[in-house]
1. LEU194 fails exactly one of the following numbered conditions: (1) over 14 Å from the mean Cα position of the chain (by Cα); (2) in contact (Cβ under 8 Å) with a residue 24 or more places away in the chain; (3) open to solvent by 10 Å² or more (accessible area, probe 1.4 Å). What is the number of that condition?
2. Can you work out which of the residues in segment 31-61 that are open to solvent by 60 Å² or more (accessible area, probe 1.4 Å), modelled with pLDDT under 95 and outside any loop (DSSP other than H, G, I, E, B) is nearest to ASP82 (Cα to Cα)?
3. Test each condition in (1) more than 17 Å from ILE93 (Cα to Cα); (2) near the ligand (Cβ under 10 Å from one of its atoms); (3) modelled with pLDDT of 95 or more for GLY175 and report the one that comes out false.
4. Show the residue pairs meeting these rules: Cβ distance below 6 Å; 6+ apart or different chains; first residue within segment 86-99 and of a type in the set (A, V, I, L, M) and surrounded by 24 or more Cβ atoms within 10 Å (Cβ to Cβ); second residue in a loop (DSSP other than H, G, I, E, B) and modelled with pLDDT of 95 or more.
5. Residue check, VAL204 against (1) open to solvent by 10 Å² or more (accessible area, probe 1.4 Å); (2) away from the ligand (no atom under 16 Å from the Cβ); (3) in contact with a helix residue (DSSP H, G or I) (Cβ under 9 Å, 6 or more places away or on another chain), all met but one. Which one?
6. Looking at segment 116-142, which of its residues are out of contact with any Phe, Trp or Tyr (no Cβ under 9 Å at 6 or more places or on another chain) and crowded, with 19+ Cβ neighbours inside 10 Å?
Amino acid sequence: MTMSAKLMVGNWKMHGSLSANAALVADVLAVMGQVQCRSALCVPSVYLGQMQSLLSCSPIALGAQDVSSHASGAYTGEVSADMLRDFAVRYCIVGHSERRQYHSETDIVVAIKAQRALAVGITPIVCVGESLAEREAGQTELVVKRQLAAVIQANGHCISEIVVAYEPVWAIGTGLTASPQQAQQVHAVLRAQLRAATAHADRVAILYGGSMNAANAQDLLAQPDVDGGLIGGASLKAVDFLSMLKAASR
Ligand code: PEP
């Protein structure tokens, strides 16, 4: 269990528009006074400039959803860690299951992306998680440990500076959620792996992600090794996102 406030991160995925973003952020910021947890919004990169100004002087940190594994160069369409830092990005999701699945990102590529972010002072939110077939085959621990091991190996002593998100693939965007016990079990495995790698493992926030919503957030967040949430769909509705931020403030 970490001693700091819970961390709640919205992942907007490929949703939003200039007008919708402004309306959503205005609704959320209007009630942020009642929120005590840490929070961030990971937005599509084309909106980083807009969001940097909307979130400046607010308690919500700015996040990106991906970063290039390359520093710079002829990589059309890619966005580098330095470019993210230009927009005061504090967090960057790496290795989301949608990137692993649709963009063939390997454990090694994810580890290098985490390294790129850390090198410029951005906290990578490293996503790990098993598919339904892997869970049914009893491979959950094996898979998440393999995914995290690559990041530990590539990042050495910096590993205490990352955030980990346990996101069972079968729970993302499906409405199926890991039970609080299932989540805690995997989080404890990840914590033990971090403890073996660093004396500062308790500093690492381990978030749960996968159909977290206003109804189930509190029970998940009550688990000793659940330090916050990574929230997709429910972060797009101000009322839902706020009620989860409040649940994380207790
Ligand atoms: C996510 O995008 O990381 C996620 C957990 O999505 P959802 O909350 O919609 O399942």
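The values are calculated or read from the model by the stated rules, or taken from the named source; none is laboratory data. Note that this is a predicted model, so its numbers are computed, not measured. Note: ideal-geometry Cβ built from the backbone for every residue, glycine included; neighbour counts use all protein chains shown. All accessible areas refer to the heavy atoms of the entire protein, side chains included, with ligands and DNA or RNA removed. Shrake-Rupley method; radii C 1.70, N 1.55, O 1.52, S 1.80 Å.
1. Condition not satisfied by LEU194: (3).
2. In this case the residue turns out to be GLY33.
3. Among (1) more than 17 Å from ILE93 (Cα to Cα); (2) near the ligand (Cβ under 10 Å from one of its atoms); (3) modelled with pLDDT of 95 or more, the lone unmet condition for GLY175 is (3).
4. Hits for this filter: VAL89/ILE122; ILE93/GLN65.
5. Here VAL204 clears every test but (1).
6. Residues satisfying the conditions are ARG116, LEU118, VAL126, THR140.
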